[in-house]
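Following: one structure in structure tokens, then a few remarks.
The values are calculated or read from the model by the stated rules, or taken from the named source; none is laboratory data. All of these numbers come straight from a predicted model, not from anything done at the bench. Note: ideal-geometry Cβ built from the backbone for every residue, glycine included; neighbour counts use all protein chains shown.
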Amino acid sequence: MRVLSALILSTALALPLAAPVLAEDAMTRTISVTGTGTVEAAPDMATLMIGVTTQGATAAEALAANSKATDAVIARLAASGIEARDMQTSNLSINPNWTGYDSSTPTISGYVASNMLTVRVRALETTGAVLDASVADGANTLNGLTFGLADPEPAYNEARKEAVADARAKAELLATAAGVKLGQLLTISDAGAMTDPAPMYREAAASSPVPVVGGELGLVANVAVTWEIAE
């Protein structure tokens with residue numbers, strides 16, 4: 001009986017000592033890298049942020065004047081080939097025009113109404129003409145002009161392929177430097193995509209139409225990849 005008890009105790013004490021060795025043997029050695037791919041593409045559309053700002057003695061007068069001018073701008077944009085789906089009101093505001101801030105009793109000397117429109121120009125070559133047309137009919141605010149692609153996914157997919165190739169090249173370099181070889185691919189994840197803005201050129205002097213150059217867009221994709229280190 002004492003011999004059996006001693007054998008059970010010896011076995012119980014030996015089991016915990018074996019567990020770390022098994023865990024260490026099962027640990028997978030890996031190489032993890034990130035890859036980046038960039039594809040250059042010419043934009044095929046532009047987005048304008050244009051607006052109308054008007055003043056009036058009362059809020060109603062400022063809004064009425066603004067509505068009249070905005071309607072004229074929208075009509076001219078439509079005549080220039082901009083579809084209704086490509087025009088959207090992005091901000092509408094009416095604010096008092098305060099004067100006498102240097103005194104203890106500032107007063108309202110009128111009101112300012114502002115209506116901002118986001119306009120997509122799908123025929124990129126008409127961007128300058130569209131700007132001219134909107135300004136001629138009352139638009140007096142330009143808050144931004146950006147270029148983009150109507151369907152950026154094909155370009156992003158090419159950038160993702162380049163990102164994967166870049167990740168493999170980095171992993172192979174690291175493996176060679178470490179004196180090991182890459183094994184099977186364990187994980188791969190899309191780490192995000194973005195578009196670098198295209199440069200915009202616009203002359204300060206007035207001309208017709210306004211000269212606008214779209215340049216090229218840089219579409220950037222990133223991936224995170226992990227490989228097993230081969231034995």
**OP:** For LYS170, work out the one condition from (1) at pLDDT below 95; (2) within 14 Å of TRP227 (Cα to Cα); (3) within 31 Å of the chain's Cα centre (by Cα); (4) not small (Gly, Ala, Ser) it doesn't fulfil.
**Re:** (1)
Original post:
From the residues in segment 82-95 that are in contact with a helix residue (DSSP H, G or I) (Cβ under 8 Å, 6 or more places away or on another chain) and surrounded by 14 or more Cβ atoms within 10 Å (Cβ to Cβ), which one is nearest to LEU48 (Cα to Cα)?
Top reply: MET87
**OP:** Of the conditions (1) over 30 Å from ARG29 (Cβ atoms); (2) surrounded by fewer than 16 Cβ atoms within 10 Å (Cβ to Cβ), ALA193 clears all except one; give me its number.
**Re:** (2)
Original post:
Inside segment 45-75, can you point out the residues that are among the hydroxyl-bearing types (Ser, Thr, Tyr) and within 30 Å of THR126 (Cβ to Cβ)?
Top reply: THR47, THR53, THR54, SER67, THR70
Subject >> Of all residues in segment 175-190 being part of a strand (DSSP E or B), surrounded by 10 or more Cβ atoms within 10 Å (Cβ to Cβ) and of a type in the set (S, T, N, Q), the one that is farthest from the chain's Cα centre (by Cα) >> reply: THR187
Subject >> Candidates GLY51, GLY81 - the one that is of a type in the set (Gly, Ala, Ser), more than 17 Å from THR141 (Cβ to Cβ) and out of contact with any Lys or Arg (no Cβ under 8 Å at 6 or more places or on another chain) >> reply: GLY81
**OP:** Answer yes or no: is there a residue in segment 126-142 that is part of a strand (DSSP E or B) and on the phi < 0 side of the Ramachandran plot.
**Re:** yes
Original post:
For segment 136-190, what are the residues that are of a type in the set (A, V, I, L, M) and touching a helix residue (DSSP H, G or I) at 6+ places or on another chain (Cβ under 8 Å)?
Top reply: ALA136, ALA139, LEU142, LEU145, LEU149, LEU182, ILE188
Original post:
So how many residues does segment 96-123 have that are buried (at least 17 other Cβ atoms within 10 Å of the Cβ) and touching a Pro at 6+ places or on another chain (Cβ under 9 Å)?
Top reply: 1
